[in-house]
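The values are calculated or read from the model by the stated rules, or taken from the named source; none is laboratory data. The model shown is predicted, which means the values in this text are computed figures rather than measured ones. Every residue, glycine as well, gets a Cβ built from its backbone with ideal geometry; the counts of neighbours run over all protein chains shown. Areas reflect the complete protein model, heavy atoms only, side chains present, ligands, DNA and RNA absent. Shrake-Rupley method; radii C 1.70, N 1.55, O 1.52, S 1.80 Å.
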Amino acid sequence: MSVQRNYEREFVRTFFTSPTAIKEGDDSAKMLRRAASLRGMQAPDVWIPDNEDATAPNMRAEGAQNIVEVVSEHGADFPGEIHPRIEWHRDRPTTRLNGFEYMREIADPENGAVDHIDGFVIPEVGDIDDWKKADEAFQLVEAEHGLAEGSLSMSVIVESGEAEIALNRIRDEMGKPSNTLERMFMLVDGEVDYTKDMRGMTPTGELPPWPELRHNTSRGASAAGLVAVDGPYDNIRDVEGYKQRMEDNRAKGMTGIWSLTPGQVEVANTEPLPPVTGSWLLDVDDEDVELTADGDRQVYDGDDVSLSETADGYVLTVGGDEHELSEDDLREELLDMTSYVPSMDDIVDSMEEFEAAKESGMGAIAMTQAATLVIDGVEVSLEKDRMWDEATYQAAQTPITLFQDVYEHRPDQHEELAERYGADVVERATQVGN
Amino acid sequence: MSVQRNYEREFVRTFFTSPTAIKEGDDSAKMLRRAASLRGMQAPDVWIPDNEDATAPNMRAEGAQNIVEVVSEHGADFPGEIHPRIEWHRDRPTTRLNGFEYMREIADPENGAVDHIDGFVIPEVGDIDDWKKADEAFQLVEAEHGLAEGSLSMSVIVESGEAEIALNRIRDEMGKPSNTLERMFMLVDGEVDYTKDMRGMTPTGELPPWPELRHNTSRGASAAGLVAVDGPYDNIRDVEGYKQRMEDNRAKGMTGIWSLTPGQVEVANTEPLPPVTGSWLLDVDDEDVELTADGDRQVYDGDDVSLSETADGYVLTVGGDEHELSEDDLREELLDMTSYVPSMDDIVDSMEEFEAAKESGMGAIAMTQAATLVIDGVEVSLEKDRMWDEATYQAAQTPITLFQDVYEHRPDQHEELAERYGADVVERATQVGN
Amino acid sequence: MSVQRNYEREFVRTFFTSPTAIKEGDDSAKMLRRAASLRGMQAPDVWIPDNEDATAPNMRAEGAQNIVEVVSEHGADFPGEIHPRIEWHRDRPTTRLNGFEYMREIADPENGAVDHIDGFVIPEVGDIDDWKKADEAFQLVEAEHGLAEGSLSMSVIVESGEAEIALNRIRDEMGKPSNTLERMFMLVDGEVDYTKDMRGMTPTGELPPWPELRHNTSRGASAAGLVAVDGPYDNIRDVEGYKQRMEDNRAKGMTGIWSLTPGQVEVANTEPLPPVTGSWLLDVDDEDVELTADGDRQVYDGDDVSLSETADGYVLTVGGDEHELSEDDLREELLDMTSYVPSMDDIVDSMEEFEAAKESGMGAIAMTQAATLVIDGVEVSLEKDRMWDEATYQAAQTPITLFQDVYEHRPDQHEELAERYGADVVERATQVGN
């Protein structure tokens, strides 16, 4: 038996915070209404109407009312989940009491919103005992309102050293008789406040990268069957930086990321999915350069690698160093320097091929990618083999499982997915591995 | 309520170890006397007369006597705190017994030194139970000598795997009825012995960087309200390397560092404070190059970036790649490539501005830095905006809080601070944020 | 007192997995027999006949029989230790039951193999309670077969988030009355399955580097007196990459690595040992370039650094930047840019020298390495000093302790070691530090 939790979704790509209140009374729910209207790739997997940092303290009563109003009116049609963020602080009982009262109000069935509310997000949690206090607030609210125990999920924002340590302990604490922490859903990093709590400083005021925090969040999620989500990426215009951050996060097992705008949501929804077409990379001085596809030919356009044919063989120059190579040595060298980024289609193909092999009794098979590499006009044919066994198969399955999770929970994205990959690939991708 | 500890200082920049004993009898306290005479920027926040590794085992009885003698004579005038290091070892009871006896002697009121002793540093601690043994030694010494319970602070040197694990547990253990671990003060990394304990090896014998250890020490300090300090930087002549190490440490929330010489103390006292003047950085191939200020103009002198005006717009060349850009695109590109390192004055300004905005009811405002960038004689005006909300404000406050902590506890540095920043900036920096 | 464990070896360089079964009945033990015949540098410190992932599920009964047959016949002559891997899974009781039954069979004295079996490797462990279940399986097998309690060692493969967290807890759990976890021996990282469990994804399907996992494994091993071993390096042809991974691992305190072929075993046996001859490194743009020895002269052949003599002094050009330097400044600059990789002979020399100094009452001495550096034909004499104290001595001792551990347990490698280092160096290296 592994850890049991109440929550269904296994992956969350986007965690979208929208401000809930604006100064002038009339319009204070405008941003909420706009967020509620998002659909398809612009709509997040999880939407967080934010009644904490994005709302001024003296506007939070109005913020809670706005959440009730907008969610009761538009919640049924919103394609993602809805988890309002209420206020909370490990060191301040009055803040916790406020947060409890806002939860109580928002979840009151008489207000009509709770049918569309999937849970609440608790910021600024402390050590595991503080997480239990938050769980107690959920228990009280559920009991008072006649909601099933555990029906409201609890997600936390990790933004203190003690909360990071608590990540080690969730698995052990979930399921103890006095708590209902099986309601846990997302573990979200909040790097701005975490930096303050850790007293981190950088010359420019930029946030430190905190790789260990992200590892520990991902590990805590893995150990307790939860979902790890990274915090906001402040520079909204820097799309490449945002994508790079997500790639780093995925290598740590952190699938989701906070989005601040519908534009960021779209990027964050798309990036974790396998690419439409595969591509070849050439490792030049420890940096991966993507080759330009021209039919089956993969062309290198840069200046850092050059190749010429001689009477005896080839001269390959990499970063100023010349190597005289036979054809076989050249091929071996280029095999080491290249790697292949598989498309969705490739991954599905390989999985199907391995499944067939397994059925016929084979435990491991070689998968081959072939290409003609072109450098300075010289063509070299390469075949890249990779051994697949059960473990390779299962690791390769992660992006497909993510895709299947998306496909199941987000019918509003089916059309965009079919446009992106083609109906046939989508069909096979939803079947493979089951 | 957050963690309570007895100790007042929130930041420690320098942790200065001075050897306490030399072979020839007559001069054995000379180094101690020299350290005791340090003042101003050359004097550390915390001075550690070292009766462990820096003193030969057979000289430690004499070392303890020297500490008593020098501290009772000069301790009252020493501007920082005094925390002698005594011997201790998680695996050796005789070493622990020796350490206990030296503490007992040094803290004996009849010897006259204890009024100027702030605590003791315990090296080579093991798991949390070993920390409790050390705490017990403090309890016995305080009781016997009629000192208030907890009046002597306890700092530890983390130099074993089990001590690193214990960093996760301090918060939970502090305040339990049988211990007085509220006396904890500094968590210091000791990378030389840690490397040995972990069996770390590098080809040249250089110490590994141990980023995870430093993260865990900083996190443990944050969770338990303590102060994290990094170990010695061996290459005394390598001032740039020492500064770089401190910058890395600050990004991890580790403010303090061990200093081996008054010269290192001075560098380590100065570096964590915000700079006197702001500066602009240009990101060239993932490396930050500081631009040369010439009035409001910020000039790039290197060869890796070039810029020229054409009939249609601009050509920007970065690392060999040419980009033809319109004026707007150029400005956008350069905005992405530049960052600004704020001065003390800038930080105080921004904080004051945000405080005023908050008072007038605004939750977030944009802060702007303007400059004229000059590359190959071509001038481009830039305005860099950054949104400030409560969280940004609080994170930006860290260096100011550090400054205020220094200002409060180190009157002997007031003059040098006023010379460095100007009396006006110092005055405003001590007031802002309170 | 430090942690007690039953197991003798302190270092394991190689952990060699061999497949145990092939489809056609007759030959199914062929690979096992071939592995059992390895000797000298091609034989691993620990050999793992793999009855889990490398054997198809329906072949594991036959696999267990093959292990019994081959180990009972050839185990007495095998120079390393033998630890079969049986199947296990934290989330699947039937898999655990199978694993238990295979252990029971392989360890049955009537089958004649157990005299040569040193322990078992348990893959896919979960949290610490799952480790205790595995320990219980050992207790039952030992009791039933009349084997001494704890005589079979237990090693685990860390390939889940919860197992990584358990690494923090081994020290606390070992020695509790209900378990016999003193039988623990190796902590092995299994990055393929770990990546799956953590849901890590990379574009090319390559494994993420997981630096924090390796740190935590090494720290857990250090805290509990165990041995940390890294997982497989898939690209068998990439010897340089394999060596680089081992160098990174050693800097983390992880001495051993999984080998998939006798060729990898040989590399992995040799690399952790100190080199036969010392070498000089020049730091060029944060990369270490090995200089070419020509007698006492150390020649730089690259293009990134150049040096010329002028009327007033020297011009040193590094990465395009010219520096005009006096002879003293040049020497200082080059001292900062160079480092020395000591040979086995150098390390033994330095240790002997420090031991002699310590006996004559000195606590610290300077060790000097001298060389004549040659850049563009210009010669500069350097003397590199390093202070050695007790801590430096003990840290430098790690590779020697490793060597001594090898020498004691692997007589079949004595001849190759003597050929490599010379009999005299081997003799001194086995004596120094004792």
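Screening the candidates C:249, C:269 for the property of being touching a residue at least 60 places away in the same chain (Cβ under 8 Å) and open to solvent by less than 50 Å² (accessible area, probe 1.4 Å) yields one hit, C:269.
Conditions tested, residue by residue: (1) assigned by TED's automatic domain parsing to the domain that holds residue A:223; (2) surrounded by 18 or more Cβ atoms within 10 Å (Cβ to Cβ); (3) at pLDDT below 95.
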residue	(1), (2), (3)
A:173	yes, yes, no
A:181	yes, yes, no
A:184	yes, yes, no
A:189	yes, yes, no
A:193	yes, yes, yes
A:198	yes, yes, no
A:201	yes, yes, no
A:206	yes, no, yes
A:211	yes, no, no
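Could you list, in sequence order, the residues of segment A:417-433 that are part of a helix (DSSP H, G or I), of a type in the set (Gly, Ala, Ser) and either modelled with pLDDT under 95 or under 17 Å from residue A:356 (Cβ atoms) (or both)? Within segment A:417-433, just A:429 meets the criteria. In contact with a Ser or Thr (Cβ under 7 Å, 6 or more places away or on another chain), in contact (Cβ under 8 Å) with a residue 12 or more places away in the chain, over 17 Å from residue C:280 (Cβ atoms) and in the same structural domain as residue C:288 (by TED's automatic domain parsing): is that true of residue C:363 in this structure? Here the answer is no, as residue C:363 does not meet what is asked. When residue C:136 is tested against (1) over 22 Å from residue C:12 (Cβ atoms); (2) open to solvent by less than 40 Å² (accessible area, probe 1.4 Å); (3) assigned to a helix (DSSP H, G or I), only condition (2) is not met.
Exactly one residue out of C:172, C:135 is within 14 Å of chain A (Cβ to nearest Cβ) and either in contact (Cβ under 8 Å) with a residue 12 or more places away in the chain or more than 24 Å from the chain's Cα centre (by Cα) (or both), and it is C:172.
Within segment A:115-131, if we keep just the residues that are over 17 Å from residue B:223 (Cβ atoms) and part of a helix (DSSP H, G or I), the residue that is least open to solvent (accessible area, probe 1.4 Å) turns out to be A:116.
Residue-wise test of (1) within 28 Å of residue C:273 (Cβ to Cβ); (2) within 14 Å of chain B (Cβ to nearest Cβ); (3) at pLDDT 70 or above; (4) crowded, with 18+ Cβ neighbours inside 10 Å.
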{"site": "C:1", "(1), (2), (3), (4)": "no, yes, no, no"}
{"site": "C:11", "(1), (2), (3), (4)": "yes, yes, yes, yes"}
{"site": "C:14", "(1), (2), (3), (4)": "yes, no, yes, yes"}
{"site": "C:34", "(1), (2), (3), (4)": "yes, no, yes, no"}
{"site": "C:38", "(1), (2), (3), (4)": "yes, no, yes, yes"}
{"site": "C:41", "(1), (2), (3), (4)": "yes, no, yes, yes"}
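Residue B:151 meets the conditions (1) among the hydroxyl-bearing types (Ser, Thr, Tyr); (2) within 14 Å of chain C (Cβ to nearest Cβ); (3) under 24 Å from the mean Cα position of the chain (by Cα) in every case but one. The failed one is (2). The sole residue among A:158, A:114, A:121, A:141 that is modelled with pLDDT of 95 or more, under 24 Å from the mean Cα position of the chain (by Cα) and either within 14 Å of residue A:67 (Cβ to Cβ) or away from chain B (no Cβ under 14 Å) (or both) is A:121. Kindly establish whether residue C:312 is part of a loop (DSSP other than H, G, I, E, B), open to solvent by 50 Å² or more (accessible area, probe 1.4 Å) and among the acidic types (Asp, Glu). The answer is yes for residue C:312. Using the structure shown, decide if residue B:56 is under 19 Å from residue B:190 (Cβ atoms) and out of contact with any helix residue (DSSP H, G or I) (no Cβ under 7 Å at 6 or more places or on another chain). It is true that residue B:56 is under 19 Å from residue B:190 (Cβ atoms) and out of contact with any helix residue (DSSP H, G or I) (no Cβ under 7 Å at 6 or more places or on another chain).
Of all residues in segment C:254-263, those satisfying the criterion of being open to solvent by 10 Å² or more (accessible area, probe 1.4 Å) and either of a type in the set (S, T, N, Q) or under 23 Å from residue B:209 (Cβ atoms) (or both) are C:255, C:261.
Residue-by-condition table, conditions (1) modelled with pLDDT of 95 or more; (2) in the same structural domain as residue C:373 (by TED's automatic domain parsing):
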| site | (1), (2) |
| --- | --- |
| C:245 | yes, no |
| C:248 | yes, no |
| C:251 | yes, no |
| C:258 | no, no |
| C:261 | no, no |
| C:283 | no, yes |
| C:287 | no, yes |
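If residue C:345 passes every condition in (1) over 22 Å from residue B:53 (Cα atoms); (2) free of Cβ contacts under 8 Å to residues at least 60 places away in the same chain; (3) open to solvent by 50 Å² or more (accessible area, probe 1.4 Å) but one, which one does it miss? Here residue C:345 meets the rest and fails (2). Scanning segment A:215-226 turns up no residue that is open to solvent by 20 Å² or more (accessible area, probe 1.4 Å), under 23 Å from residue A:384 (Cβ atoms) and within 16 Å of the chain's Cα centre (by Cα). Taking the listed residues C:329, C:349, the one that is assigned by TED's automatic domain parsing to the domain that holds residue C:294, assigned to a helix (DSSP H, G or I) and touching a helix residue (DSSP H, G or I) at 6+ places or on another chain (Cβ under 9 Å) is C:349, with no other qualifying. The one condition from (1) crowded, with 17+ Cβ neighbours inside 10 Å; (2) assigned by TED's automatic domain parsing to the domain that holds residue C:332; (3) modelled with pLDDT of 90 or more that residue C:372 does not meet is (1). Once segment B:291-309 is narrowed to residues that are among the acidic types (Asp, Glu) and within 14 Å of chain C (Cβ to nearest Cβ), the residue that is least open to solvent (accessible area, probe 1.4 Å) is B:304. Restricting C:341, C:348 to residues that are of a type in the set (A, V, I, L, M, F, W, C), closer than 21 Å to residue C:286 by Cα and at pLDDT 90 or above narrows the list to C:341.
Annotation: of all residues in segment B:390-422 being touching a helix residue (DSSP H, G or I) at 6+ places or on another chain (Cβ under 9 Å) and open to solvent by 60 Å² or more (accessible area, probe 1.4 Å), the one that is farthest from the other protein chains (Cβ to nearest Cβ) is B:415.
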